[in-house]
Amino acid sequence: MTAIYRAGIVGAGQIGRAHALGYQGVDSVEIVAVTEPNDRVRSEFQEQYQIPTGYTDIKEMMDQEDLDFVSICTWHLLHEPQTLLAASYLPKAIICEKPMTVGTASADRMIAECEEKHVKLVIGHQRRFYHSWTRARDLILEGVIGVPQMVTTKSGEGLLNCGTHVIDACRYLVGDPETDWVMGALERKTDRYEREVRIEDCCMALIQFEGGSQALVQSDLTPERWSVEEYQVRGTEGVLETDARSVRYLNGQTASWIELDLPTEDPWVLQAQATVAWFEGGDGHRGEARQARKAVDIMMALYQSARDHEVVRMPMEETGYPMDEMFAEGKLPVLEAGAYDIRSFLAMEPDDRARYNEMRGQGMRHKDIADAMNR
């Protein structure tokens, strides 16, 4: 099929590459431009994905190119301004990476602007296209474990980073219910950041959904690395477990675990295909912004619960970023001095990144690596 849609990518880093592969899996889309301030990275990206034009900033690209689809693949605090800017040029759709943004007011501004401009807004919760997650969701909604009662999962590398996916997964697996309340706790003794946003050292949350099911989420409390995404869902009549590739369940009618062999497809390709289909008249999108906003709600409620030492009932009054508020209020004193960013390797030159990865492979903490590399 001849390409009929033009796509541009903002940010030529690791996740920008995933979006490029996603678009290349859709015959009707051609990537015509990328914007990236780092000349070397931009040039390599253009060569690898055969993109004809590169720019240093998003406005220049939007001024020069007539784009149908725009991917925002930059750091968290850029998501809102770049989405608002891109929407003003009236593309057909924007795919903005997760987390959608920091704070519910920011999320609401993104949604309002895109809806006013009739621009489809998708947030990069592409794991909703894992066949394992979707089959697990279907089985749960069919009642193979009875009424779902508790989803449990563990994550790492920051709540705003990988925790975004596990929060979203907990909702997706049990049918995307609304949230009644969140009870959260966190610890922050080091001066820890994630893509220039102040974050916790570790945290956990108990989430109550409408209808009675709950989720228990741990982040950075256990040795599991970010790549381990495993979920257990207990119901009134059984238990189901799923990860990125498999599903198994056990109930009163099964003599043993029923294990399902599922196909695997690139979720970024499926996300891009679904975005095109949504614009062309499809019935919604698994990652549409109003669903993603609910994951932001839960994360901000976790922080607000830790801030106020109480259950946060929805809708939440705080619309900013409670972590920054706690820091300003003196509730999170830094006991181990030295600011560091757990995703700093994304902006490193190749030699420094290799050194960083070597130390991470040895099990060193992010802060210890930052101290070692600054010597």
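Below, the figures for the structure above:
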{"item": "Members of the stretch 200-259 found to be more than 25 Å from residue 312 (Cβ to Cβ), part of a loop (DSSP other than H, G, I, E, B) and more than 20 Å from the chain's Cα centre (by Cα), listed by number", "result": "223, 236, 237, 252, 253, 254, 255, 256, 257"}
{"item": "Tabulated pairs, the stretch 272-290, first free of Cβ contacts under 8 Å to residues at least 24 places away in the same chain, second buried (at least 19 other Cβ atoms within 10 Å of the Cβ), C-beta under 8 angstrom, 6+ apart or interchain", "result": "282/274; 284/278"}
{"item": "Set 139, 173, 159: member being surrounded by fewer than 24 Cβ atoms within 10 Å (Cβ to Cβ) and touching a residue at least 12 places away in the same chain (Cβ under 8 Å)", "result": "139"}
{"item": "Qualifying positions in the stretch 177-189 - buried (at least 20 other Cβ atoms within 10 Å of the Cβ) and part of a strand (DSSP E or B)", "result": "179, 182, 184, 186"}
{"item": "Filter result for residue 351 (farther than 22 Å from residue 168 by Cα and without any contact (Cβ under 8 Å) to a residue 60 or more places away in the chain)", "result": "yes"}
{"item": "Output for the stretch 65-105, where each listed residue is outside any loop (DSSP other than H, G, I, E, B), more than 22 Å from residue 128 (Cβ to Cβ) and of a type in the set (S, T, N, Q)", "result": "82"}
{"item": "Candidate set: the stretch 331-354, residues that are of a type in the set (D, E, K, R) and crowded, with 16+ Cβ neighbours inside 10 Å; chosen: the one modelled with the highest pLDDT", "result": "341"}
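The values are calculated or read from the model by the stated rules, or taken from the named source; none is laboratory data. Quick caveat, the model's predicted, so the values are computed rather than measured. Note that we place each Cβ from the backbone using ideal geometry, even for glycine, and neighbour counts take in every protein chain shown.
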